[in-house]
1. Hey, what do the phi angles of the range 69-76 turn into as Karplus ³J(HN,Hα) couplings, whole Hz, using 6.51/-1.76/1.60 and θ = phi - 60°, x for Gly and Pro?
2. How many nm is it between the label spots at Val94 and Ser78, if each spot is 7 Å from the Cα in line with the beta carbon?
3. Amide H neighbours of Gly46 under 5 Å, at least 5 residues apart or on other chains, H built in the peptide plane: list them.
Amino acid sequence: YTVPSDITLYAHWLAGATGVEDQLQVEVNFYPNPFGSEVRLAGAEGCTLTVVTAAGTVVHTQKVVGSAETIALGKLPSGVYFFRLKKEGKTKTVRRMKIND
């Protein structure tokens with residue numbers, strides 16, 4: 001589509017309109033960030049953790065049992081990963097960056 005003349009566009013965002021809205025209301029701590037071969041996770045007991053690449057490929061899934069757990073991710077290459085927590089049909093997404101040791 002070609003615009004025949006100068007045009008001014010205005011953006012207007014609505015809460016939750018991105019489709020990435022956090023529905024799961026839990027206080028979760030992921031550390032360190034950036035991480036090497038493992039991530040420590042606190043406050044997510046009872047959730048299912050899914051780690052997804054920036055391209056949308058699922059690379060790790062596990063049930064979080066304890067209130068503080070260490071997640072081993074040493075097999076992952078450097079890059080940006082999204083950590084998604086799901087519990088009772090609600091989701092929370094946290095962005096993390098990975099660097100090799």
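1. Per residue, the Karplus-derived 3J(HN,Hα) values read 9, 10, 9, 7, 10, x, 7, 7 Hz.
2. Inter-label distance under the simple model: 2.4 nm.
3. Close amide H contacts, sequence-distant or interchain: Val64, Val65.
The numbers here are math on the coordinates, done by the rules we state, and not lab data. None of the values given here were measured: they were computed from a predicted structure. No Cβ is skipped: glycine too gets one built from the backbone with ideal geometry, and neighbour counts run over all protein chains shown.
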